[in-house]
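Chemist: Have a look at this one before I ask anything.
The values are calculated or read from the model by the stated rules, or taken from the named source; none is laboratory data. The structure presented is a predicted model; accordingly, all values stated were derived computationally and were not measured. As a convention, Cβ positions derive from the backbone with ideal geometry for all residues, glycine included, and neighbour counts pool all protein chains shown. Note: accessible area is taken over every heavy atom of the protein model, side chains too, but ligands, DNA and RNA are not part of it. Shrake-Rupley method; radii C 1.70, N 1.55, O 1.52, S 1.80 Å.
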Amino acid sequence: MNVSKLQKNHPLLLEYLHDNGYSRSHIQWMKRCIRLVLNEGSSPGIESYEQLYWHEVEKGEYKETAQVRKTLKSVLGCVKRFEQEGIYPQPRLCHGFMAPTKSYDLLGDEYRSIIDHYERTAGEGTKVAHTIYTERRAGIQFLLHLQNAGVASITNTTERAVLDFFFDGEKIIRGRAYREKITPVLKSAITLYGEPVRRLLSLIPSIPKSYSNYPYLTRSESDKFRIWLEEENTQLTLLDKAIATLAYYTGLRGTDILSLKPDNIDWKKETIHLVQSKTGMELTLPMSAIVGNAIWDYLVYERPGSGLEDETVFVNGCRPYNKISSIWDHLKNVFNEAGVRTDGGRTGVRIFRHHLATALLGNRIPSPVISSILGHTSPESIIPCVDADIEHLRECSLDITGYPVAKEVFES
């Protein structure tokens, strides 16, 4: 191993850890791994961080479940990424050390060229990064499926191999959404491979669009959840309450709540203004008193200092104070306190977007207004919410008193 780069730059890594409040034990572990690389990395037979890791495990006779082995792997991974990519450690950041091979890396040259060409051309257009990422990922999975089925080139594609990606012989395993993600990736490759790509596109089945009934919040569940948000003597943190209040009353996506910055909030005008991470479109929402108070209480009484140049509103509670990576745990805390869905059922942030939409539909708010509040870019996005608008669905029911029905139909 060439350790000259780490020899020169490792003081910067240690300085970063000190400046960002990492614990003494973590810094000691980092020093240990740096010394390990510098002292053992140039030894004969040690050509990679992976080999160094296994050498140390065997020398120390660490069992697979030993905590020291897990810590060694994690910290040595941080050193590797800093030395090779210049990336400093971050909480919950996967450092890719001894990670399984990525699906993209398993593709053959022809299939990789299709993915590379799509990513390059899509990036020059108007698609947002999230859309490019999801379509690219779907394209990789599809092409890897073909490759694993023995189709090494698109010129050899068979209808059976394509259909097996969508059907398992009994039911649909990947629906229309997958089809719509794969198609742009393949269409971009027409300029590369021409007719074989057109033939492949013709083999992709036409899958009808379907909507499953969403497990919406019932009125009693909603009331319990809301009441616990307003309770003072609970085990909930102010962070739990602020995040759950935002999700419940605004219907914001989880990524937008996580990325909320102080300048997104206009306290004088009582509005929240942001650029949606999914669509790239601007969104302005009124901020009710209960939402504003929940955020304010968290900022004033609980939020720790950060020191981040580009601060987010919600940060984790341990040093270094960075943006939290998930809001599910905070929502789950409120569900548990309220005694709602403790035995299972959907408890993620999407259920609150759905709940807000159905509540507005129930109050006869026009669909375009609801879509503007939720930041939809397609009018069809509101359709799944209609299934939960029970009161108005009842208005569409037919009177069957004029039709003969055997009494056994209504017997339990």
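Chemist: Given a Förster distance of 22 Å, report the FRET efficiency between Glu230 and Met281 from their Cβ-Cβ distance, rounded to the nearest 0.05.
Modeler: 0.10
Chemist: Using a 1.4 Å probe and ignoring any ligands, DNA or RNA, find the accessible area of Phe165 and quote it in Å² to the nearest 10.
Modeler: Probe radius 1.4 Å; accessible area of Phe165 about 0 Å².
Chemist: At a 1.4 Å probe, what is the % contribution of carbon and sulfur to the accessible area of the stretch 281-365?
Modeler: On the stretch 281-365, the fraction of accessible area on carbon and sulfur atoms equals 49 percent.
Chemist: Would you mind classifying the chain by shape? Square roots of the alpha carbon gyration tensor eigenvalues, ordered a ≥ b ≥ c; an a/c under 1.5 is rounded, otherwise it is prolate if a/b is larger than b/c and oblate if not.
Modeler: Oblate.
Chemist: Now for a different question. Rounded if a/c is under 1.5, else prolate if a/b is larger than b/c, else oblate: which is the stretch 17-151, with a ≥ b ≥ c the root eigenvalues of its Cα gyration tensor? Walk me through the numbers before you get to the answer.
Modeler: Working: a/c = 2.69, a/b = 1.79, b/c = 1.51.
It comes out prolate by the Cα gyration axes.
Chemist: Hey, another quick one. Accessible area of Asp19, 1.4 Å probe, to the nearest 10 Å²?
Modeler: Solvent-accessible area, nearest 10 Å²: 120 Å².
Chemist: Rounded to the nearest Å, what's the spacing between the alpha carbon centres of the stretch 1-80 and the stretch 296-355? Just the number, please.
Modeler: Answer, in whole Å: 33.
Chemist: With unit charges on the beta carbon (Lys/Arg positive, Asp/Glu negative), name the residue among Leu106, Val334, Pro368 whose Cα is farthest towards the positive pole of the charge dipole of the chain.
Modeler: The listed residue farthest towards the positive side: Leu106.
Chemist: Hey, another quick one. Would you mind working out the accessible area per residue for the chain, using a 1.4 Å probe, and quoting it in Å²?
Modeler: 58
Chemist: As a test of the formula, what do you get for the chain when each DSSP H run with n ≥ 4 contributes -39,500 (n - 2.57) and the sum is divided by the residue count, at 222 nm and rounded to the nearest 500 deg cm²/dmol? Walk me through the numbers on the way to the answer.
Modeler: Working: 20 runs with 222 residues, N = 412.
About -16500 deg cm²/dmol.
Chemist: Which lysines have a Cα lying under 22 Å from the Cα of Lys181, excluding residues fewer than 8 positions away in the same chain?
Modeler: Cα-Cα hits under 22 Å: Lys102, Lys127, Lys171, Lys209, Lys278.
Chemist: Any idea how far apart Lys187 and Lys261 come out in nm if each label point goes 7 Å out from Cα toward Cβ?
Modeler: 3.3
Chemist: Measure off 7 Å from each Cα along the Cα-to-Cβ vector at Glu119 and Ser378, then give the distance between these two points in nanometres to one decimal.
Modeler: About 2.5 nm, to one decimal.
Chemist: Taking all protein chains as present, what is the carbon and sulfur share of the accessible area of the stretch 17-138, in % to the nearest whole number, probe 1.4 Å?
Modeler: Working: 3420 of 7230 Å².
After summing per-atom areas, the C and S share lands at 47 percent.
Chemist: While we're here: Using a Förster radius of 35 Å, what is the FRET efficiency between Asn20 and Glu50 based on their Cβ-Cβ separation? Nearest 0.05, please.
Modeler: Efficiency at R0 = 35 Å is approximately 0.80.
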